[in-house]
Every structure is written in C-alpha cells, then in structure tokens.
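So the structure is just underneath, and the comments pick up after that.
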Amino acid sequence: MWRKFFSYYKPHRKLFLLDMSAAFLVSVGDLFYPIITRNIINEYIPNKELRLILIWAAVLLGIYLVRLVLNYIIDYFGHKMGVLIQSDMREKLFSHLQKLPFSFFDENKTGSLMSRVVNDLMEISELAHHGPEDLFLSLMLLIGSFTVMMTMNPWLTLIIFACLPFFVLFAAKTRLRMSDAFARTRKEIAEVNADVENSISGVRVSKSFTSAETELKKFRRSNAAFVKARLVAYRVMAEFFSGMNFFINLLNLVVLVAGGLFTYYGMISAGDFVAYLLYVNIFFDPIKRLVNFIEQYQSGMTGFRRYLEILDTEPEPEAPDARELTDVKGDIVFDKVSFAYNENQDILHNVSLTIPAGKTVALIGPSGGGKTTLCHLIPRFYEISGGKITVDGKDIRSLTRQSLRQNIGMVAQDVFLFTGTIRDNIAYGTPNATEEQIRRAAEQANLAEFIAGLPEGYDTYIGERGVKLSGGQKQRISIARVFLKNPPILILDEATSALDNVTEEAIRQSLEKLSQGRTTLVVAHRLSTVRDADELLVMTDRGIEERGTHAQLLAADGIYATLYRTQFEN
C-alpha cells in the first residue's frame, strides 16, 4: 500500500525534494545551537572572550534567519504539494466513479461516497505533506542528537536509550487500537453525511408530511453512533498521548538525575551538562513528532484504504476488442435475454423481442413487470445474465459503451437536472451545440414560450436539481435534451408523466415527429400516449404476455383491453 501511496508523489517530486531539503537543513541547524551553547559556557565565558561570544551570537542569528526562510518553504510548498496530491487523488477517484456500474451506486449511499471524496482525501493530504516530512525530520534529529550525545558522554546516552524499548512497546500496543478506532469513525461520519444528504434532498417531502421529528430521530441515531465511535477513538488517543507524555517526562527526570550525578562526580562539565540537556530536548522533539505522525498515519492511511476500496472496484467491463458503433440504423433484438438484480430472482427471463429500425414500440403493464429494466439493458447500464442483445446485428457487449450510449437518447421518469441555467441543462451532453440548435430543441419540447416569459430567458438559474421549476417544466427540459442530441434510438420512460393534458398532447405530437425514422421505446402508463405505436407489448412479472397494435389488443380482449377500459371508460 505504501508503494501506491508514494506513487502520487511522482508528478510533484520537485516540490517533494524542495520540502525534504528544507527539512534536512532545518534539522542540521537545530543541532548547531547546543554545540555553540556548550562552547560559550565552557570556553568563551570563562575566558572572557566577548568577541567570540558576539560572533557566535551573530552566527546563531544567521541560522535563525535561514530557518525562517526554510520553515516558510516547508509550510507553504509542503502544503502546496499535499493539496496537489489531494487534487490528483480526487480527480482520479471522481473519474473512476464515472466508470462504475449502476449496481455500485445502487449499493452505496451518496453521502458516504461524498465523505470519501472530501473528508478522507483531506486527511490523506495532511499525511502526504506532514508524514514524510515529520518522519524525515525525526530520524535526522534522532540520529544527529544521538551521535553528538554519544561523543559527549556515552554512558549517560546509553542510560537514556535503555528506557526507549518501553516507549516503543507502549506505542506499538496502542497503534493497532488507534487504527481500528479511526477506521470506525470514518465509517460513522460517512453514515452521518449520508443521512444529512438524504434528509436535505428530501426536505420538501419531510415538510409536507411534517416529519421533521422523524428525520431528527434518524439523524440522532447516526450522530450518536459517530459520537460513540469518536469517543472510543479519543479514549485510545488519550491513552496514547498521556502515556507518551509520561515517558517523555520520565526520561527528563532520568536525564536530570543521572546528568546531575555525572556532573557532581566530575564526569562531565557544567557546559556539557547544559548542552546535553538541550540535546535531550532536541531528542524529545522528534519523539513528539513521531507521536503526532503515528496519529496522522492512522487517520490518513485509514482514509487511503477507503480510497483504494473504491479504486479497486471494477469499472464497467469493456471487451478488449470492443468496436465503435457507427452508422446506426436502429434494429434492436433481444434474444432469450435474462436479467436479475440478485441471484435469487429473475426480473426478465428468456425475453425475446425484435424492434425493427424506425419503429415505435410501447411497453405497458403493471409496475414490477421489468419495463424500465428492459430499457436500461440496451445502453448496458446493467449486464444481462443470459442471452444477448444486438443493435444492427452487433452484440452490444462487443461495442464500446461510449459509442453505444452516444446513439441512445433517454428521458427518465425521475427527471434529474443539474445545478445551473436552462441553457446548461438543455445542452447537457451536447456541449458544442449552437444557440440556434438549443432554441430549436426548446421549441420542439414545447418549452420556448415558457422560457421567453422569463426575465433572464435561457440564462435563468434553475436551482439545485431544478427546484425553481414545476414538474412539467423539468420534464420538458429533459425532453429538449433528447431533441438536441437527436439520436437514432430513443428511450422514453414515462416521458410525459408530469405534464398536463394540453402539454402532453403537444409533446406527443413533437415526439411523433422526432421518432419518425428512429427506433423508439416508450414506457408508459397513460395509454393515450402510446396507442399509435407500431407495436405494444404488455409486460407483467411473467414476461411479455401480449403484443400487437392497439386495435389488435383491444380485439383480443385481454390485459391491454382491461387497462384501456379502466382508463377511458370510467
């Protein structure tokens, strides 16, 4: 995992080397102060060499000025490197999310994924900057101070280092507990984010049902779980830091007593003892850095593991020799197709269906019959478990997803509009569309008159998910998208479900014009919108039960005839 982590440094190796070089020079500079102090106390003060005292004071001032610049480099350019690494990771993660199958998003909450993209990567960024820097500085200071301390008095140094195994043993025992605790808090904050995102997205529903208290109870449960996990993490962290501080204080006591005895018996001079105390404090500083590094490591690597979990999720499979779908006519064939969301129950079983190019086929029937699922299989939103689907005689699994989906236009029942303007949403998927093409698409979707009445016209901001628009207006914008895309294959899943009768009729006429010469699948409950289709398929949980034209199905007096009478004769 470390190899993967450090691979993100490669594009920013210049910043990394600058940061590490600055850290190295700072650590070297820190080692000079006790030596200069030792010489001043042992030699310059007793010999009253004021000139040398002033010279070395000036040298120290110069070192501090250099450290000022070096610390600026560490703080700014080090953080810059961390932010750039975080940006690279976030872009890679976001790009990977775009390639994952629908089933992944069916199983994972939006808020939880947002937590991984934002919160986890923030912790990783801090580790990417401070981790190597703190580790490098600590090792340099430990090695440097240990070397100098050994030359000054090896016995006193060995006494100090004899205490370190207990320090390391304690750190190792609490490290694993901290890792588990931080992993748990990551999961719980993701659940909190998921609940918040879900509650805010559905705030209008909760208000209409006066369910604020219900939402609050749900939030309190996830929030309480997070608090509990966080308190466990803080308890372990408190044990870790308090234990570490105790060992450091104990080490200070050992140095004070042992060094005092060594000075008393004349084994070291007073200047050496003062210098030794300074080196011990320098020695403590990297230990404290290592303590902080361990906490940062636990938090950052926990986030990195969660980051890798998503990256390790297989994207939508693509055949190695996948071909581009070009010159599409629109012949669609389902050949004994089966599909199941899970292994226990088929949604579609051995469905065979031929849709000739340029024909309009309507899918009708009760909910749960697999109508929308059948439509989602054509652009390969889900992979079939049996049989095959072909477009113009080509198995869709042998085609690139991008070329397949570029030739399919969809209007879903659940309209999703992106935050932005009306123009942005109509042109979504066709970014190079001209103003004239956008306006023509709006006219075809019976939207132009509405837009003309807005003060800002096509530049009107529609709010998050089109919150400032009515259901019918949002539906018409989504229909305008398809008009603009102008694909050879159309899938209309309840495309007019949110429209009033007058608008529905206008859209129906527009869709009839658009579907001429194009293959069109229409999922509908309103039979008035599909009775002119070339073929109607009645689907239930038992599969395709009836097929034929409107007149043929009425004459058959089956399921379709019953549905028709229910809608039009009551």
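The values are calculated or read from the model by the stated rules, or taken from the named source; none is laboratory data. Bear in mind the structure is a predicted one, so any value in this text is a computation, not a measurement. A quick note on method: Cβ atoms are made from the backbone with ideal geometry, for glycine too, and the neighbour counts reach across all protein chains shown. With ligands, DNA and RNA removed, areas are computed over all heavy atoms of the protein, side chains included. Shrake-Rupley method; radii C 1.70, N 1.55, O 1.52, S 1.80 Å.
Annotation for Gln402 and Met267: the two label points, set 7 Å from Cα along the Cα-Cβ direction, are 7.3 nm apart. The stretch between Asn119 and Asn42, if pulled fully straight at 0.36 nm per residue, gains 22.4 nm over its current Cα-Cα span. In this label model, Arg51 and Val227 are separated by 7.1 nm, measuring between points 7 Å along each Cα→Cβ vector. With R₀ set to 25 Å, the beta-carbon distance separating Tyr72 from Lys99 gives a calculated FRET efficiency near 0.05. Once you sort the root eigenvalues of the Cα gyration tensor of segment 124-196 as a ≥ b ≥ c, which label holds: rounded (a/c under 1.5), prolate (a/b larger than b/c) or oblate (the other case)? Note, shape of segment 124-196 comes out oblate.
Amide H to amide H, with H built 1.01 Å from N, Ser338 comes under 5 Å of Asn350, Val351, Ser385, Gly386, Gly387, counting only residues 5 or more places away or on other chains. Rolling a 1.4 Å probe over the protein heavy atoms of the chain, with every protein chain left in place, gives an accessible area that is 58 percent carbon and sulfur. Put simply, the amide H of Arg547, placed in the peptide plane, has neighbours under 5 Å in Val538, leaving out anything fewer than 5 places away on its chain.
How much FRET efficiency would the formula 1/(1 + (r/R0)^6) give for Phe161 and Asn350, where r is the Cβ-Cβ distance and R0 is 60 Å, rounded to 0.05?
The formula returns an efficiency of 0.20 here.
Which trypsin sites (Lys or Arg not before Pro) in segment 509-570 pass both tests, a DSSP loop state and at most 13 other beta-carbon atoms within 10 Å?
Hits after loop and neighbour filter: Arg542.
Beta bridges assigned by DSSP with both partners in the chain are antiparallel in approximately 50 percent of cases. Computed from phi, the 3J(HN,Hα) profile of segment 374-389 under the Karplus parametrisation 6.51, -1.76, 1.60 (θ = phi - 60°) reads 4, 5, 5, 6, 5, x, 6, 5, 10, 8, 6, 9, x, x, 7, 10 Hz, with x in place of Gly and Pro.
Give me the 1.4 Å probe accessible area per residue for the chain, excluding ligands and nucleic acids, in Å². If you can, show how the numbers build up before the last one.
On the way: 29610 Å² over 570 residues.
Per-residue accessible area for the chain comes out at 52 Å².
Simple point charges give the picture: +1 on the Cβ of Lys and Arg, -1 on the Cβ of Asp and Glu, and for segment 324-423 a dipole about the Cα centre of about 220 debye.
Calculated FRET efficiency, Glu309 to Thr434, Cβ-Cβ distance, R0 = 45 Å: about 0.55 to the nearest 0.05.
Going by the alpha-carbon gyration tensor, a ≥ b ≥ c the square roots of its eigenvalues, is segment 1-111 rounded (a/c under 1.5) or, if a/c is not under 1.5, prolate (a/b greater than b/c) versus oblate? The shape class here is prolate. Stretching Lys329 away from Ala551 to a fully extended chain increases their span by 77.2 nm, per 0.36 nm per residue minus the current alpha-carbon distance.
The residue list Trp155, Ala194, Val83 was ranked by how far each Cα lies along the charge dipole of the chain toward its positive end, using unit charges on Cβ atoms, and Trp155 comes out on top.
Of all stretches in the chain that contain no GluC sites (Glu not before Pro) in a DSSP loop with at most 16 other Cβ atoms within 10 Å, the longest one is 50-317. In a simple Cβ point-charge model (Lys, Arg +1; Asp, Glu -1; nothing else charged), the chain has a dipole of about 1260 debye relative to its Cα centre. How would you classify the chain from its alpha-carbon gyration tensor, with a ≥ b ≥ c the square roots of the eigenvalues: rounded for a/c under 1.5, else prolate if a/b is greater than b/c, otherwise oblate? Prolate shape, in that a/c is at least 1.5 and a/b is the bigger ratio. Each helix, a run of at least 4 DSSP H residues, gives -39500 (n - 2.57); summed and divided by the residues of the chain, these come to -21000 deg cm²/dmol at 222 nm. Among Thr147, Thr263, the sequence by solvent-accessible area, most first, with a 1.4 Å probe is Thr147, Thr263. Using a cut-off of 24 Å between Cα atoms, the listed pairs Lys388/Lys513; Lys99/Lys485; Lys359/Lys388; Lys218/Lys468 include Lys388/Lys513; Lys218/Lys468 as exceeding that distance.
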